1. Could you tell me whether the range 119-199 comes out rounded, prolate or oblate from its Cα gyration tensor? Rule is a ≥ b ≥ c as square roots of the eigenvalues, rounded for a/c under 1.5, then prolate if a/b exceeds b/c, otherwise oblate.
2. Got the relative contact order for the range 141-246 handy, in percent, Cα pairs under 8 Å and 6 or more residues apart?
3. Considering Cα pairs under 8 angstrom that are at least six residues apart, work out the relative contact order of the range 42-197 and quote it in whole percent.
4. Which of these, Asn86, Asn149, Asn26, has the largest mean-square fluctuation under a Gaussian network model of the chain (Cα springs below 10 Å)?
5. Using square roots of five times the C-alpha gyration tensor eigenvalues, list the equivalent-ellipsoid semi-axes of the range 141-246 in whole Å, biggest first.
6. Relative to a virtual label point 7 Å from the Cα of Ser177 in the Cα→beta-carbon direction, which members of the range 233-253 show backbone nitrogen distances below 20 Å?
7. Between helix 223-236 and the chain, what is the angle of the helix's C-alpha long axis to the longest principal axis, kept within 0 to 90° and rounded to the nearest 10?
8. Work out the FRET efficiency for Ile71 and Thr222 from their Cβ-Cβ distance, taking R0 = 45 Å, and round it to the nearest 0.05.
Amino acid sequence: MAREGRWNFYALRVDDQPASIYLDLNLADEVATDEYPVMAWLRVEMREPRDDGLSSQQEFDALMALEDRVIPLLVPDGDGVYAGRNTSSGCRDFYFYLPQGDAWDAQVERAMRAAPEYRYQSGYRPDPAWSTYHRFLYPGPRARESMENRDVCAALEEQGDALRQPREIDHWAAFPSATARDEFLQKAAAMGFENRTPDRYDDGEREWGAQVFRHDVPAYGTIDDICLPLYDLAGECGGHYDGWECEVLAGAS
């Protein structure tokens, strides 16, 4: 049975250009990586990119159709794994891991006959450590926080929340000392967050916890602007941000 994977995306900059990476976050944990020591790639030139080099809404359906047709031809079951893609600078780059790469370019040529309207390039190289996956495709901690923010918004939506109404959003962080925690609370207050921190909590690491809240709208387009400043602030104060939650306002518009 084919793997479904745990796919997600995040925005970043690649070579100082706007980029978007879409990847299977669980791939290296669920696949025997030593069986696929070759990294192979396919670069497709988009036909209608946006001015900033990202994909356009006009080309969305065509690019998805290309992916649906071509990927199964490139990595049929057991012959390799699809790791993810990067969209930037007018191109969409697809990355794969294979047992060997000798036949890759010929295989790409055959597969791309399913999308003759697109220009492309391909190649492969040894990568037994999966460095492309771990060092390029895989998100850093801040990007993972952004992914988790979207996941919480999606969970609220699934419960009928339209994500349009402001409500109290609680945020948690943890620190190695009361001094570090109090510094965080003071600076968070300057950002408009109110404090409802318990005296202390012990999560097994003997850390000092902080709980703050503010009235905000937990919407996809704004949640990072709410949470990431707290994420950064917690790090600056020597601690770590532990996430957020809020009341579900089902049926609210």
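1. In terms of gyration-tensor shape, oblate.
2. 40 percent
3. 21 percent
4. Looking only at Asn86, Asn149, Asn26, the largest GNM fluctuation is found for Asn26.
5. 24, 14, 13
6. 233-241
7. The answer is roughly 70 degrees.
8. Calculated value: 0.85.
Readers should treat all values here as calculations from the given coordinates under stated rules, not as data from a laboratory. Just so you know, these numbers come straight off a predicted model, no measurement behind them. In this analysis, Cβ positions are derived from the backbone assuming ideal geometry, glycine residues included, and neighbour counts consider all displayed protein chains.
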